[in-house]
Amino acid sequence: DWATKVFANKTWNLTGVLNGADNQGLEGLTFVPNKYLPAGRNTSTSGGVFFAAVQRSPVAGGAVNDDYLIYAFDVDINVSGRILNWWGIPVAPNTPNSDISDLSFHPDTGVLYVLYDAANRLIEMDTSGRVINDYSNVPVADQEGIALVTNHAAQTADVYIASDTQKLIGWFSAFPVRFYDGDGDGVHQFADCDDTDRSISALQNFYLDADGDGL
């Protein structure tokens, strides 16, 4: 609780779905509010779901909970241990099938940022798993964490990537980002008058009725 600075003392055991050998289990966890989720997945009574990533490779032909690298968990945040639903995000074509080392969601962009340790890749994807951008040769060794700080005016972000073996945090400025456009009218949420209504946007033209004739 951010107001009281007291732990809520609630836990949820994910090991029935997330599993793997030592050092191959849970490597990333982030919360995604309902408004950024695909239709049919955006009705959580907790206001959103937790996305979790594992480092191990999927096991083809095994149990359904072995088929993915990224999972979404709809938990009841009011009841300790109660998991209402979960689903997996299919591994996108031409992306690594192991070694996720962190993932982070940013509400300014509506994007998941997924780090792959062994492959040295950073992949941007939407919450359905569609790849938006794929960056190779990430210039920090053994990446274990990622965070973004956005700049609305410049439509860029500062990206911070933590290195395990180098014991440092890499900082990259002027990283290009596209801010979330909830109603798809071509105007992002920080410039749109109402990002839930396509008929209201900053792109509309208005004309002065200088002679007062009503036109």
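The values are calculated or read from the model by the stated rules, or taken from the named source; none is laboratory data. Here the structure is a predicted model, which means the values were calculated and not measured. Cβ placement follows ideal geometry from the backbone for every residue including glycine, while neighbour counts extend to all protein chains displayed. Quick note on the areas: whole protein, heavy atoms, side chains included, nothing else; ligands and nucleic acids left out. Shrake-Rupley method; radii C 1.70, N 1.55, O 1.52, S 1.80 Å.
Note on the chain: with charges restricted to the Cβ of Lys and Arg (+1) and Asp and Glu (-1), its dipole about the Cα centre is near 780 debye. Using protein chains only and a probe of 1.4 angstrom, how many square angstrom of Val138 are accessible, to the nearest 10? Probe radius 1.4 Å; accessible area of Val138 about 20 Å². Counting charges near Val131 (Lys, Arg +1; Asp, Glu -1) among other residues having Cβ under 15 Å from its Cβ returns a value of 0. Structural descriptor for the chain: relative contact order 12 percent, calculated from alpha carbon pairs under 8 angstrom and at least 6 residues apart.
All other residues whose Cβ lies under 14 angstrom from that of Asp117 are scored, Lys and Arg at +1 and Asp and Glu at -1, for a net of -4. One Cα centroid belongs to the stretch 41-62, the other to the stretch 114-154; the line between them spans 18 Å. The heavy atoms of Tyr160 offer some 80 square angstrom of accessible surface to a 1.4 angstrom probe. In the stretch 1-73, what percent of the accessible surface is made up of carbon and sulfur (1.4 Å probe, ligands and nucleic acids excluded)? Carbon and sulfur together cover 56 percent of it. Going Cα to Cα from Lys167, which aspartates and glutamates come in below 14 Å? Please leave out same-chain ones fewer than 8 positions away. Correct list for Lys167: Asp142, Glu144. The residues neighbouring Asp102, those whose beta-carbon lies less than 9 Å from its own, together hold a net charge of -3 under the Lys/Arg +1, Asp/Glu -1 convention.
Using the Karplus relation 6.51 cos²θ - 1.76 cosθ + 1.60 with θ = phi - 60°, the per-residue 3J(HN,Hα) values for the stretch 86-98 come to 8, 8, x, 9, x, 5, 5, x, 6, 10, x, 10, 6 Hz, with x marking Gly and Pro. Per residue, the chain exposes 56 Å² of accessible surface when a 1.4 Å probe is rolled over the protein heavy atoms with every protein chain present. Each residue of the chain gets 186 Å³ once the volume of the Cα convex hull is shared out per residue. Per-residue accessible area (protein heavy atoms, 1.4 Å probe) orders Lys35, Lys167, Lys10, Lys5 as Lys167, Lys5, Lys35, Lys10, starting from the largest.
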